[in-house]
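Novice: Below are the structure tokens for one structure; questions will follow.
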Amino acid sequence: MGLKERFAVKLLAVYVALGFIGTELSMFLLCRPYNQYWAVPPNDIDQCAFYRKYSLPQAVFNISSDALMLAIPLPLVIRSHLPTKQKIAMVLLFSMGLFVVCLQFLFTYHLP
């Protein structure tokens, strides 16, 4: 339909794909020596057992992509010709995604 949100969705899809590739690369490149991925248990290398360094890039991409996904439909709902009551209900419904973003932030940055 030629909406600018359509272009934003395509950009977001590229961002999510690049984020997936980036997080996968970080998972495979952060554990050194590489053979510790298969060691049971890993020999004194916490990173290979708990993936602490991996959780940070993953959280950055998850939180930012979720926030961007929430930012795309909200202007459409606000500009729509729905009654005000329905607009408020739709905005509240989409804003529940902020709860997920907050939980991701808390669990990522407040791990023991």
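The values are calculated or read from the model by the stated rules, or taken from the named source; none is laboratory data. Fair warning: this is a prediction, and the values are worked out from it, not measured in the lab. Positions of Cβ are backbone-derived with ideal geometry, glycine not excepted, and every protein chain shown enters the neighbour counts. Only protein heavy atoms, including side chains, enter the accessible area calculation; ligands, DNA and RNA are left aside. Shrake-Rupley method; radii C 1.70, N 1.55, O 1.52, S 1.80 Å.
Novice: Run the quick spin-label model on PHE107 and SER95: label points 7 Å from Cα toward the beta carbon, then report their separation in nm to one decimal.
Specialist: Placing both labels 7 Å beyond Cα along the Cβ direction yields 2.4 nm.
Novice: Provide MET96, MET90, MET27, MET69 ordered by accessible surface of protein heavy atoms (probe 1.4 Å), highest first.
Specialist: So, going from the largest accessible area down, we get MET96, MET69, MET90, MET27.
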